[in-house]
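A quick write-up on the structure given underneath.
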Amino acid sequence: MKENEIYAVILAGGSGSRLWPLSRQNLPKQFLTLDGNASLLQTTINRLAPVIDAKNVLVVTQESHAKGEAYHALHSYTSLFEPVGRNTAPAIALAAARLMLDGSDPVMVVLPADHVIKDEITFRAHLNIAIEAAKQDKLVTFGIRPTRPDTGFGYIKTGLRTEKTGLRTEKTGLRTEKTGLRTEKTGLRTEDGGLSGETAGLRAETAGLSGEAGAGFTQSPVLSLQSSALSPQHSALSPQSCIFDVERFTEKPDLATAEQFLEEGNYFWNSGMFVWRASVILAEIEQYLPDVFEIVQDIVAESRLSDNFQQAVEKHFSDMPSVSIDYGVLEKSSRVSLIPCDIGWNDVGSWQAVHEISAKDENGNALQGNVIALDCKNSLIRAEKRLVAVIGVEDLCVIETPDAILISRNDQTQRVREVVDALQNRGASEHICHVKENRPWGNFTVLEGAQDGFKLKRIVVTTGSKLSLQSHAHRSEHWVVVSGTATVTNGDEIITVNKNQSTYIPMGTKHRLENRGKIPLNIVEIQVGEYLGEDDIQRYEDHYGR
C-alpha cells in the first residue's frame, strides 16, 4: 500500500428492515437488485472507477452475510467482518487501523453500500476535490442540497466558504513538530489526545501513530503517519472548488425546523459519505471516542502477535460501544468541511424512495415483475413470484414475495419498520429470511414450512460445489435426486445417487452432499424431527470456512 493510494471503505451492515418484505435480516437492501442488473453494493463500487480501483475496496460487513446470502457478492473484495453491529464509528475506526497496518496512511473514501447516485460524473468530480482536501487533513463530508423539508434526514449547517475556495493553511493548517501523533512500541496511541497542535493544526512526529508500552506490544511501529499528508506543503484546490466549513450537525428535525432550514439555505442533508486520511480520523477518534480507540489499539496489538487481524476483531469488537461517527466525532471536531452536492442522491430509505428513483410509465407507475395494473397512478407494484393484478389505485405501494405481501400508501412506507417489530415480537421468521436462501454452494427453497414434525426443501448445488460435513442432533433427512448426480457421504460410506434415486440420513450421522457433475444438482429434501431449525447443525469440515 502506497501513501498516495486511495481506498474505498464500504459500510455494508444493516438490519434489513427498511425495504421489507424484499429485504430481510439475512439479506439487507445493499445486496438487493432494485433496478437493472447490479445490486446496490456492486453499483456503489462500480461508480468509483476510475478514481478508485476495485482492488482498493474494503467492505465492512457482518460475517453472517459474507458466509451466507451475500457470499458471492462479497467474495471478490477484501472484507472485514463485524461479529456484532456497533454503528459507524467502530466500523470506521477498525477499517482505518486495518488500512494502516503496513505503515502507510491512505485516504479513505467512506461510503454506505446502499445509496443511489444518478449523476455519477459529477459525483466523481466532487470526489476528486474531497480527496485533495483530505490530503490536507480535513474531514470532508458530502452535503446534499435539500429539495424539500424532509424530517427523515440529519442536517448540516455550513459557515463561510473556505478562502479562495481552497483550504486555509492558517489556523486550521498543518504543522509538523516533534510532538503529536507518533508510534512507540505499538500502533495506535496518539500523544495528548490525538491530533494536537497550535490553533487546531496538526503536530506530527515522523515516527507516526502509535501506542505506549503494554502487554503484547512489539517494539516496531504498527501504524505510521509519515506520509505526504503530514507535509507542510499543501496542494492547491481548483478555483471552482466549493468547500465550506461546518458549523454544526442537527439530528432529524421536526417539520417546522426542517422548513426553517430550507428557507435559510445554508443547510444540507447529511449523506453519510466521508473522505479523510486514515491517520486523521483515528486521531480524532482517540480524542473524542477514547473507548473505541483503546479497543482498536488492543485489536492491532493482538493482530501483530497472531498475524490474524480478523481473529483479533472477533475477540474484542463486541466490547465496542455503539456510536455513530457523526455523533461521536464529527459534531465535535473542528476539522470538518462540506462539499455541497447535487448528484441525484437517494439513500433508498423506504419504498417511497424506491418509487422516486425507478423508471415509470406515463401514469407514474413503477411496475416490476409479473404485474397487471389497470387505471393505476403513481404506484409502485413489484411481484417476485406470483401474478399481481391491481385495479384503480393511486399512490400505493404493493410488494409481493413468496411468503409476504406489503400494501401501503406511498407516504406511509417508512412505517414498515413497525411491521418488522411486530414480526419480531411474534417470534416469526418472515423478517429474518426468505423462503429461498443463497449459500456459497448454491441455494435452498423451503417448499413446506416446519409443521407436524417435517419440513420440505428444494436444494440446488452448483457444479463443483459441496456442503459441509455435518450432522443434526434433532432430525433425520431423506434426499431424492431430481436432476444431476449426487455424491453423498453418509456415515462411513461415500455413495453415488443418480436421478430418481434416494438416500436416507439418520439422525446424528455425519453426512455431506456434493456435486461432482457437469450440471446443477437438484434434490428434494424431507426433514423429520422434533426441531427443524437451521441452527441444528454441527460442522466438522467446511470448504467455505463457516
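The values are calculated or read from the model by the stated rules, or taken from the named source; none is laboratory data. Quick caveat: nothing in here was measured; it's all calculated off a predicted structure. Ideal geometry is used to build each Cβ from the backbone, glycine not excepted, and the neighbour counts take in all protein chains shown. What goes into the accessible areas is simple: the full protein's heavy atoms, side chains included, and nothing from ligands, DNA or RNA. Shrake-Rupley method; radii C 1.70, N 1.55, O 1.52, S 1.80 Å.
Things worth noting here:
Matching residues to (1) at pLDDT 95 or above; (2) farther than 22 Å from G533 by Cα; (3) exposed (fewer than 15 other Cβ atoms within 10 Å of the Cβ):
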position	(1), (2), (3)
L396	yes, yes, no
I405	yes, yes, yes
S408	yes, yes, no
T413	yes, yes, no
A422	yes, no, yes
E448	no, no, yes
Q451	no, no, yes
L469	yes, no, no
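- Among the residues making up the range 50-66, those that are open to solvent by 50 Å² or more (accessible area, probe 1.4 Å) and in a loop (DSSP other than H, G, I, E, B) are P50, D53.
- Within the range 140-165, residues that are part of a helix (DSSP H, G or I) reach partners that are at pLDDT below 95 with beta carbons closer than 8 Å, at six or more positions or on different chains, in the pairs K164/P239; T165/L237; T165/S238; T165/P239; T165/Q240; T165/S241; T165/C242; T165/I243.
- Residue in the range 338-352 that is among the aliphatic types (A, V, I, L, M), on the phi < 0 side of the Ramachandran plot and assigned to a helix (DSSP H, G or I) present: no
- Among the residues making up the range 471-486, those that are open to solvent by less than 20 Å² (accessible area, probe 1.4 Å) and more than 16 Å from P520 (Cα to Cα) are S471, H472, R475, S476, E477.
- Among the residues of the range 104-116, the ones that are buried (at least 22 other Cβ atoms within 10 Å of the Cβ) and in contact with a strand residue (DSSP E or B) (Cβ under 7 Å, 6 or more places away or on another chain) come to 8 in all.
- Of the criteria (1) out of contact with any Pro (no Cβ under 6 Å at 6 or more places or on another chain); (2) buried (at least 22 other Cβ atoms within 10 Å of the Cβ); (3) modelled with pLDDT under 95, which one L41 fails: (3)
- Qualifying positions in the range 479-519 - closer than 19 Å to I537 by Cα, part of a strand (DSSP E or B) and under 38 Å from the mean Cα position of the chain (by Cα): W479, V488, T489, H511, R512, L513, E514
- Flag if V107 is β-branched (V, I, T), within 17 Å of A283 (Cβ to Cβ) and touching a residue at least 12 places away in the same chain (Cβ under 8 Å): yes
- Scope the range 417-473; condition on the phi > 0 side of the Ramachandran plot and under 30 Å from the mean Cα position of the chain (by Cα); matching residues: G427, G442, G464
- Test: residue in the range 3-12 that is outside any helix (DSSP H, G or I) and free of Cβ contacts under 8 Å to residues at least 40 places away in the same chain: no
- Filter result for R382 (out of contact with any Pro (no Cβ under 6 Å at 6 or more places or on another chain) and within 30 Å of L447 (Cβ to Cβ)): yes
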